[in-house]
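Just so it is clear, none of the values below were taken in a lab; they were calculated from the coordinates. Computed from a predicted structure; not experimentally measured. All Cβ positions, even for glycine, are placed from backbone atoms using ideal geometry, and neighbour counts span all protein chains on display.
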Amino acid sequence: MPRGGARKGAGRKPKPLAEKLAAGNPGHRPLKRVQFDGSGNDSKPPDYLGLLEKRVPGAPSPIEIYHETVRYLEPSDCLNLIPTALIADYVMAKYYLICAQFDLSKTATVIQKSKTEFEITSFTEVMLKLQKNVLACWEPIWDIVSRNSERLVANPEQDPILMLVGSRQRKTAKGGAASEQS
């Protein structure tokens with residue numbers, strides 16, 4: 001029996017709305033913009049963010065991270081499309097990552113099992129999972145912004161990646177010019 005078919009997330013990702021507008025809507029189809037009747041995000045952090053705070057010297061509080069994230073998202077004009085809970089999830093993931101990095105700075109990252117064998121501590125592995133969690137929490141927020149913003153906004157979580165990937169060039173084909181890989 002055939003078991004193929006489209007998989008969730010398979011295929012080319014859609015271009016951000018701002019890029020389609022900058023290119024002059026090359027597909028000549030009506031551009032999709034999300035419309036909500038609700039009030040959306042009122043930029044007020046949920047009360048539980050303060051309750052979940054772990055006192056780490058020098059680290060920003062979850063409420064400070066929330067306000068910083070909202071300030072970053074405001075120029076996109078999509079803040080009303082992003083649920084407060086999504087931003088709060090990202091804030092807590094980012095905050096716990098900062099706390100884990102602080103705790104990791106006071107502990108060993110590699111332990112010696114024998115004279116020739118070393119092992120990464122489980123705490124280090126947990127911190128790496130927290131980093132993946134931060135990116136997983138940011139993805140739906142950035143997806144909303146990139147699909148609905150009419151302004152070009154750089155994704156702070158992908159800037160180093162874009163510098164590395166965008167700077168590489170493909171080899172020239174016989175008789176052809178080099179084209180950028182993106």
Difference of contour (0.36 nm per residue) and Cα-Cα distance, Glu150 to Val56 | 30.0 nm
In nanometres, what is the gap between the two model label sites at Arg7 and Asp143, each 7 Å from Cα along Cα-to-Cβ?
-> 1.6
Packing rank of 130-137, 79-86, where each peptide gets the mean count of other beta carbons within 10 Å, highest leading | 79-86, 130-137
Of the listed links Lys15/Lys44; Lys54/Lys129; Lys32/Lys94; Lys54/Lys94; Lys106/Lys129, those spanning more than 21 angstrom between alpha carbons are Lys15/Lys44; Lys32/Lys94
Compute the distance in nm between two label points, each set 7 Å from the Cα along the Cα-to-Cβ direction, one at Ala85 and one at Val110.
-> 4.3
Once label points are set 7 Å from the Cα along Cα→Cβ at both Arg71 and Ile120, what is their separation, rounded to one decimal in nm?
-> 3.4
What net charge is computed for the residues neighbouring Pro75, neighbours being all others with C-beta under 13 Å from the C-beta of Pro75, Lys and Arg scored +1, Asp and Glu -1?
-> -1
